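Comments concern the structure below.
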Amino acid sequence: MQGVTVITVRGLTMQFGAQRALDNLDIAIPPGVTGLVGANGAGKTTLMSIVLGLREATSGTVEVLGMDPKLLGSRIRARVGYAPERNVLPEDMKAVDFVKHLSEVRGLPRDEARNRASDSLWLVGLGEERFRAIGTMSTGQRQRVKLAQAIAADPKLVLLDEPTDGLDPMQRDQMLALIRQINDEFGIDVLLSSHLLEEVERVCDHVVALDAGQLVADGPLADLIGGNEGVELELVEIADRPRSIDDVADALAASGLDVERDGAVLTVVGPDTDVLADATRDAVAEHGARIRRLSSRKRTLEDLFMEQP
Amino acid sequence: MSDEAKILDRGYRSYEGHRSGVGGAIRSVAWHSMRTVLGVGRPARHKIFPAVSVIIAYLPALVFVGIAALLPVDLVGEEALPSYADYVGFIGIAIVLFCGLVAPEVLVRDRRDGMLGLYLSTPLQRDTYLVAKVAAVMTTLMIVTLGPPLLLLIAYTFEGSGPGGVGDWLVLFVRIVASGVAISAVFAAVSLAASSLTDRRAFASVGVILVLLGSSAVASALVEAAEMSTNVRLFDLLAMPFELVQRIYGETGDFPEIETTLVAGANIGWALFGTAVVWFRYRRLAVSR
């Protein structure tokens, strides 16, 4: 593990009775937006709880912003924002009062907390709605209030637990854009917990994938899903060319591309789309097969999970 | 537009100023909890019950101050006006009702809606969170335990019917403060303990009142019907704080056969016991998010 990290975890194990929620994890989370992905029960929330100091791990060490939560928990938590998955918003409180209160609890003076509460709510798109009681707000607005309270005290790091939960596609797009914005424009590092792989792919620089408490992957997104492009070809042999599919596969392999054959379907992976397209066109034209279906194929985080034993 | 007028480019920005740390977090949570209990910044329905309790606590004081101001003492007689010690007992029902409201609102609400997890993601830890909550409950209870006798003292002093000299005034002031703090501490500890055991505010409120009234009924029955030792009254959670107040004012109280040291010890014991229940409960409470 080298370079600057915002969270470093070494040999982390969390045992609940007979159940091992986290199993000897070694993780280095760099600055930027990091996705913490995994199915429900994978250990994401447990890991977040330990990072926040809400739980103590059975064994192993954690470092957050270069500090040990066991020794400097309060200092760390003053610089870490947190938006929990659960709806924790007091229904009868105005959004601005709620955000201001939590900013004060995180150490800001009252006047500064008031100003920053308004600024944060404007940033997340609730400027006009900031004096509304939270109980009268929609799910999307409540998720924004949670994000606003997490960033209002100017944290160095925010932990967001399923921030798009309950949002419709448009609201989800807006939330993901906001998450990207708080890192790009304000330099706040983000640990985004989500079970939606597609949204992690859209917004994260780095991915930590957990499955049943074990580390499946930890690295830059580009490395994990690979830079290679791919196509899926379904071919039909014509009567006078009985071996045409074999010939196309051989030709593509000879061009240096990875080819997998499953019946009449060829999956071809290459370094970029142009090379792939040219080689495929040439091979099919030369050996006379007919294309029934041609679709692009890109490796995704889902593939990463599917490849696990 | 004057020369000094500026258009400020506000908006989200970084903050490099002072951060108040754990002390500020405790102050903020305590202050917020008090406002919440009293219904400040909340819809009108949340203000009704605290307002009624406060009115019950202060109205007699205002009436007595009015009587003292308008009628000559030799006409109404000094005995018509209750002593400071008696006044606390006089408004006992308001104090008990307020107890049933305050601790459940302060403690249960956070567990029920998940705010506890959010608070523990700030500089607060379980212990410091509880310090904030105890401070909030005690301070709020002092509105009804300390406020009315202080009001009486100040009003009587301005009317010329207060204590004779500066020394007497100070002694009485210390007694008022000590009795207000003592009664608030015991009731705060007991009501917080009851509130730490359930996630339902209504159950907690009923529980607080039942613990206070039930212990009183059981202790009375054991002493009067079963003719057990008078010291069984030490388990009377409702009467003992008021008995301590009587002793602080130098009066014999309702149970003169019980020594003052035992009364004081029982109250300290109940305060510590209640605090220990809350502390253990929160140490074991699972807070994951």
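A short reminder: the numbers here are calculations on the coordinates, not readings from a lab. Model, not experiment: these values are computed from the prediction. Reconstructed Cβ throughout: ideal geometry from the backbone, glycine too, with neighbour counts over all protein chains shown.
Overview of values
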read-out	value
Region B:12-152 - percent relative contact order, Cα under 8 Å, separation 6 or more	43 percent
Rg/Rh ratio calculated on Cα atoms of chain A (Kirkwood radius)	1.11
Label-point separation in nm, B:N231 to B:A217, each point 7 Å along Cα→Cβ	2.7 nm
Å³ per residue enclosed by the Cα convex hull of region A:93-200	93 Å³
Label zone at B:R284, where the point sits 7 Å out along the Cα-to-Cβ direction: region B:178-203 residues whose backbone N lies under 16 Å	B:193-199
Relative contact order for region B:21-284, counting Cα pairs under 8 Å that sit 6 or more residues apart, in percent	23 percent
Relative exposure of A:R106, A:R114, judged by other C-beta atoms within 10 Å (fewest first)	A:R114, A:R106
Over region B:209-251: Kirkwood hydrodynamic radius from C-alpha pairwise inverse distances, Å	10.6 Å
The protein assembly as shown: proportion of alpha-carbon pairs further apart than 40 angstrom, %	46 percent
Residue with peak Gaussian network fluctuation, chain B [Cα springs, cutoff 10 Å], from B:A226, B:A155, B:A202	B:A226
Residue order, fewest to most beta carbons within 10 Å, for A:R20, A:R116	A:R20, A:R116
Chain lengthening between B:L150 and B:V171 when straightened (0.36 nm per residue, less Cα-Cα)	6.3 nm
For A:V33, distant residues with modelled amide H under 5 Å away	A:V190, A:D205, A:H206
Taking B:F64, B:F203, A:F16 and counting other C-beta atoms within 10 Å, the order from fewest to most	A:F16, B:F203, B:F64
Cα point-scatterer Debye curve for region B:21-284, base-10 log of I(q)/I(0) at q = 0.07, 0.08, 0.11, 0.15 Å⁻¹	-0.27, -0.35, -0.65, -1.11
Spacing of the two label points (7 Å from each Cα toward its C-beta) at A:V4 and B:V40, in nm	4.2 nm
Residues A:A39 and A:S296, FRET efficiency given R0 of 25 Å [Cβ-Cβ distance, rounded to 0.05]	0.40
On Cα atoms only, tilt of B:21-38 relative to the major axis of chain B in degrees	60 degrees
Approximate spin-label separation A:A277-A:N87, in nm, with each point projected 7 Å along Cα-to-Cβ	4.8 nm
At q = 0.10 Å⁻¹, base-10 log of I(q)/I(0) for region B:145-284 (Debye sum, equal scatterers on each alpha carbon)	-0.42
Segment A:T267-A:A222, length gained on full extension (0.36 nm per residue, minus Cα span)	14.1 nm
Geometric extent, Cα atoms of region A:168-220 - Rg, Dmax (angstrom)	12.1, 35
Normalised contact order of chain A, rounded percent, pairs of Cα under 8 Å and 6 or more residues apart	19 percent
DSSP-loop GluC sites (Glu not before Pro) across region A:106-153, with at most 14 other Cβ within 10 angstrom	A:E128
Net charge of neighbours whose Cβ lies under 12 Å from the Cβ of A:G213, counting Lys and Arg as +1 and Asp and Glu as -1	0
Amide H contacts under 5 Å for A:A209, placed H, 5+ residues apart	A:V37, A:V216, A:A217, A:D218
